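The values are calculated or read from the model by the stated rules, or taken from the named source; none is laboratory data. All values reported here derive from a predicted model rather than from experimental measurement. Methodologically, a virtual Cβ is constructed for each residue, glycine included, from the backbone with ideal geometry; neighbour enumeration extends over all protein chains shown. The accessibility values were calculated without ligands, DNA or RNA, using every heavy atom of the protein model including side chains. Shrake-Rupley method; radii C 1.70, N 1.55, O 1.52, S 1.80 Å.
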Amino acid sequence: MYRMLIAEDDKIEREGIQFLLNKYAFPFEIQEAKHGRAALEMLQEYEADVLLTDIKMPFMDGIQLAREARALKPQLKILILSGHGEFDYAKTAISLQVSHYLLKPIEPEEFRSVIQAVIQQLDEEQAAKREQQEWQKAYRQEQQRLPELVQGSADNSDSESRRRAIEDVLRIIEKEFEQDLSLEYLSKRVHLSASYLSHTFKKATGVSVVKYINQYRMEQAKAYLDQSNYKINDVYKMVGFSDLSYFGLMFKQYFGVTPTQYRDKVRIP
């Protein structure tokens, strides 16, 4: 269960957001603030994971709130609500690392996609923290179980064993990217603990296992979309996604355009 603070001076808007969160059964404990100053005061005590704030509010607007909240809680995910006439103003918050913008009136499907993306990011960060906490314990277990892997960082057999494990994982991803690839599944395939594989993979490639899989799937999706005989409604399943809207959101974040926009560019003579 994650925690969200909604800063919005319009009661009807707050109720609408609550309705959508409940409709899609998102795992959030909700707190509300009627204006920016009240929200900032609540953030002093409330361990929020997500701040959803309107732009225009009394006492303190959403931009100032985002600035203060970012300084107070650097890891906070910030979502900004803005009306059509406020969008240029909202863009000034880019330096504050705002996660997403939602345009009023809120479109339910867009809202669902954005919140799903935020939850996935929170899940990944939480998993990374757990892996970090478990790393030393897992490493000691690997020392006992796989002595060839723990002869020290200067030991050639250690480097060779890790290299082979990472190469095996990369081959599995390449062959099975359309399947449900979890860290647990991959770790079993290469006979390592999940936390040890996660640490070793990121050290070797510079990215997490999940991020690498998503990047690989996006490149495959792009290749499929380059071919006119594949429909978008088929491509998202072909690259391992179960939800079209979430696939579209990930594609846009990766390439800067939606799958439809990319396909239209490809078709331009």
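Computed on the range 166-230, with alpha-carbon pairs under 8 angstrom and 6+ residues apart, the relative contact order is 29 percent. Pro27 sits among other residues whose Cβ lies under 13 Å from its own Cβ, and their net charge, with Lys and Arg +1 and Asp and Glu -1, is -2. Each Lys or Arg adds one and each Asp or Glu subtracts one; over the other residues with Cβ under 14 Å from the Cβ of Ala223, this totals -2.
When the surface is traced with a 1.4 Å probe over the full set of protein chains, Thr205 keeps roughly 50 Å² accessible. A simple count of charges around Leu43, restricted to other residues whose Cβ falls under 10 Å of its Cβ and scoring Lys, Arg +1 and Asp, Glu -1, yields -3. For the range 204-216, the Karplus equation 6.51 cos²θ - 1.76 cosθ + 1.60, evaluated at θ = phi - 60°, returns couplings of 7, 9, x, 9, 6, 4, 4, 5, 5, 4, 4, 4, 5 Hz by residue, with Gly and Pro reported as x.
Each part gets one Cα centre, and for the range 191-250 versus the range 1-78 those centres are 31 Å apart. Packing-based ranking of 39-46, 22-29 yields 39-46, 22-29, ordered from highest to lowest mean Cβ neighbour count within 10 Å.
The candidates Asp9, Asp243, Asp180, arranged from most to least accessible area with a 1.4 Å probe in the full protein assembly, appear as Asp180, Asp9, Asp243. Normalised by the number of residues in the range 4-53, the average gap of Cα pairs under 8 Å and 6 or more apart makes the relative contact order 60 percent. Annotation note: GluC sites (Glu not before Pro) in the range 160-195 located in DSSP loop regions with a Cβ neighbour count of at most 12 within 10 Å are absent. Note on Ser208: accessible area is roughly 40 Å² with a 1.4 Å probe, heavy atoms of protein only.
How big is the equivalent ellipsoid of the range 209-269 along its three axes, where each semi-axis is √(5λ) from the Cα gyration tensor, reported in whole Å from largest to smallest?
Values: eigenvalues 66, 29, 22 Å².
Square roots of five times the eigenvalues give 18, 12, 11 Å.
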